[in-house]
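Chemist: Have a look at this one before I ask anything.
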Amino acid sequence: MVVVDFHIHVTKANQYQPWFLEWLGHIVPNPKEYLDRHLLDPHNLLGYLDSQGIGYAVCLAETNPICTGTIPNREVADFCKVSKRLIPFANINPYTSNDLASELKRAWEMGHRGLKLYPVYQHFYPNDPRLYPLYFKAQELQIPVMFHTGSSSFPGARIKYGDPIFLDDVAVDFPDLTIIMSHGGRGFWYEKAFFLTRLHKNIYMDITGLPPSRLLQYFPDLEKIGQKVVFGSDWPAVTDIRKNIEAIISLGLSDETKEAILGKNALRILRLET
């Protein structure tokens with residue numbers, strides 16, 4: 001079984017806000033050393049993925065200066081060039097770019113094969129019409145778009161922008177756009193995220209940041225959307241990814257659903273099916 005981690009942050013220590021390194025210190029003893037060891041050389045990250053049993057990883061850019069930090073699209077694209085196992089996803093902040101569609105095209109030409117948007121950290125509603133040229137271009141390029149949905153405890157985050165309901169408009173207006181709800185509406189909106197995933201053929205959900213042992217508590221009918229769910233770790237916020245993989249394998253789901261969540265669905269979205 002090929003495992004795909006659909007949600008890895010490759011922002012370096014010197015690109016994060018100081019408070020984030022302090023927060024990460026509750027997870028790893030020396031955050032800067034930990035991040036430098038894994039990210040200053042992409043081969044080190046590949047070695048870590050091997051140790052966790054991960055075949056492919058989606059590596060995320062971010063332009064979140066008022067919240068977590070910034071790693072440019074170009075840097076993430078270059079980082080991922082060492083291996084086809086590292087899949088770069090661009091970020092475009094609607095407040096720092098005048099031409100969203102053109103910037104996405106440039107990111108595509110750099111090698112990015114997806115887009116991650118952070119409404120909660122960048123303070124916009126996903127169904128804002130000024131984002132529509134961006135979605136149109138993503139649909140034209142046939143690349144998936146991930147959205148942070150649900151809560152965040154980070155300074156500067158505004159949770160109201162994370163309500164999954166705003167993606168209903170996007171799914172209807174762009175029926176050929178692959179949409180992925182990151183964090184499954186964490187906190188307030190599990191039921192909405194589940195319903196939208198089941199309702200729209202073009203909406204998927206990732207379970208990043210959710211304790212795997214509680215997935216069936218949050219989504220009692222998870223089996224019904226098993227072909228629409230992808231696994232993600234949110235590394236470096238989670239350091240023992242293998243433990244999360246094993247927890248999903250131990251859930252009372254069919255083998256087919258477990259394999260779909262851990263890899264097959266992601267491979268299909270990323271067009272990496274063999």
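No value in this document is a laboratory result; all are computed from the given coordinates. Please read these numbers as outputs of a predicted model, since none were measured by experiment. Cβ placement follows ideal geometry from the backbone for every residue including glycine, while neighbour counts extend to all protein chains displayed.
Chemist: When you scan the range 180-205, how many residues do you find that are basic (Lys, Arg) and closer than 19 Å to PRO119 by Cβ?
Modeler: Final tally of qualifying residues: 2.
Chemist: Right, something else. Restricting the search to the range 206-239, which residues are within 18 Å of HIS9 (Cα to Cα) and outside any loop (DSSP other than H, G, I, E, B)?
Modeler: Selection gives ASP206, VAL230, TRP235.
Chemist: Look through the range 108-122, keep the residues that are farther than 15 Å from ASP169 by Cβ and without any contact (Cβ under 8 Å) to a residue 40 or more places away in the chain, and return whichever of them is surrounded by the fewest Cβ atoms within 10 Å (Cβ to Cβ).
Modeler: GLU109
Chemist: If you take the residues in the range 135-151 that are under 16 Å from HIS7 (Cα atoms) and touching a residue at least 40 places away in the same chain (Cβ under 8 Å), which one is surrounded by the fewest Cβ atoms within 10 Å (Cβ to Cβ)?
Modeler: PRO144
Chemist: Tally the residues that are part of a loop (DSSP other than H, G, I, E, B) and of a type in the set (Gly, Ala, Ser), restricting the search to the range 122-177.
Modeler: Matching residues across the range 122-177 total 6.
Chemist: May I ask you to say which residue of THR257, THR208 is within 20 Å of TYR118 (Cα to Cα) and buried (at least 19 other Cβ atoms within 10 Å of the Cβ)?
Modeler: THR208
Each row is one residue, and each column tells you yes or no for (1) more than 22 Å from PRO144 (Cβ to Cβ); (2) not charged (D, E, K, R).
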{"site": "VAL3", "(1), (2)": "no, yes"}
{"site": "GLU33", "(1), (2)": "yes, no"}
{"site": "ASP41", "(1), (2)": "yes, no"}
{"site": "ASP50", "(1), (2)": "yes, no"}
{"site": "VAL58", "(1), (2)": "no, yes"}
{"site": "GLY69", "(1), (2)": "yes, yes"}
{"site": "ASN91", "(1), (2)": "no, yes"}
{"site": "ASP99", "(1), (2)": "no, no"}
